[in-house]
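Structure first, commentary second.
The values are calculated or read from the model by the stated rules, or taken from the named source; none is laboratory data. Predicted, not measured: the structure shown is a model, and the values here were computed from it. Ideal geometry is used to build each Cβ from the backbone, glycine not excepted, and the neighbour counts take in all protein chains shown.
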Amino acid sequence: RSTPEFSSAASDVYKRQGNAIAVAKNQPDLLKEVNKTVDKVIAKKLVLTKFLPQAAKSMKKSTAKKDPFKYAPYFIKVIELTLVITIFSVLIGVILGTILALMRLSSHLALKIPAICYIELIRGTPQMVQILFVYFGIGAIIQNMSALLAGIIAIGLNSGAYVAEDIRSGINSLPVGQAEAARSLGLSKAATYRYVVIPQAIKNIWPALGNEFITLLKDSSLVSIIGVAETMYQTQLVQTSTYQGVFPLVVAMAIYFIMTFTLTRILSYMERRMNYHD
């Protein structure tokens, strides 16, 4: 339903040209400008119909499918950004996960309870929500924090909870005699964990850690929701520019597959090197 002024103007245009303009209610400024334009059209006796074929032709030309291959440099460029997000998230996840694992294994409740609460909270909430919370929540405290930094922090904090459980399971899988033998040789508790327990635990849980690293690489696509121009973000831009929905996704899938396959080969090589020393 429109205002009376709009109704009369639209009716007049409809009688003359067979066209009308829809305006939402309670938009007096917009309605005023629309009526001004309508009056100019009527005063100059413009024939709107002669412009319609030209507009349709221009619109069809602009919406024609474009060659997606010319956007290849954009995809190549964002691979670097995706790897940067993954590498720094892995570093944060491994460091934080090791600290949380040791805290959870501690006999002091002041250390154990916060670690348990953090791990359960992170594992019990969606990662996308965590990314948005870091970007908008912590971003409100730390002014001018970039979306890239927020994405790295959010993914790293999420990874830390899962790495902590992997490391804890690796430590618990070791025979108790390993730590006891190290302590009997005069090593301190910290030295025992550093030189005896942690290295063996990492070796035991290396496949699980490898899966976590691969997951991090794929989860980097989630930071596109806060505007980080990584692979999926660029894919959406190419889809918009070329009006092709499937082909850019195929390219993105190929890029992720190549990266994950390469990372898998590297992790497998390192695992074989660890087993060689046995």
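Just to be sure before I move on: is Leu157 buried (at least 19 other Cβ atoms within 10 Å of the Cβ) and within 18 Å of Leu216 (Cβ to Cβ) in the structure I sent?
Considered against the rule, which asks whether it is buried (at least 19 other Cβ atoms within 10 Å of the Cβ) and within 18 Å of Leu216 (Cβ to Cβ), Leu157 comes out as yes.
Please pick out the residue among Thr82, Thr98, Thr86 that is crowded, with 17+ Cβ neighbours inside 10 Å and more than 21 Å from the chain's Cα centre (by Cα).
Result of the check over Thr82, Thr98, Thr86: Thr98.
Taking Ser188, is it out of contact with any Phe, Trp or Tyr (no Cβ under 6 Å at 6 or more places or on another chain), over 20 Å from Tyr256 (Cα atoms) and modelled with pLDDT of 85 or more?
yes
Go through the stretch 103-126 and give me each residue that's in a helix (DSSP H, G or I) and either at pLDDT below 90 or surrounded by fewer than 18 Cβ atoms within 10 Å (Cβ to Cβ) (or both).
Leu105, Leu109, Ala110, Leu111, Lys112, Ile113, Pro114, Ile116, Cys117, Glu120, Leu121, Arg123
What are the pairs, 6+ residues apart or on separate chains, where a residue within the stretch 136-156 that is closer than 14 Å to Ile92 by Cβ has its Cβ under 7 Å from a residue that is charged (D, E, K, R) and modelled with pLDDT under 85?
Going by the 7 Å Cβ cut-off, the qualifying pairs are Ile155/Asp219.
Just checking, does the stretch 105-116 include any residue being closer than 19 Å to Asp166 by Cβ and of a type in the set (Val, Ile, Thr)?
Yes; the residues of the stretch 105-116 include at least one that is closer than 19 Å to Asp166 by Cβ and of a type in the set (Val, Ile, Thr).
Kindly indicate whether any position in the stretch 203-211 is over 26 Å from Phe261 (Cβ atoms) and either in the same structural domain as Ile255 (by TED's automatic domain parsing) or in contact with a Gly (Cβ under 7 Å, 6 or more places away or on another chain) (or both).
No, the stretch 203-211 contains no residue that is over 26 Å from Phe261 (Cβ atoms) and either in the same structural domain as Ile255 (by TED's automatic domain parsing) or in contact with a Gly (Cβ under 7 Å, 6 or more places away or on another chain) (or both).
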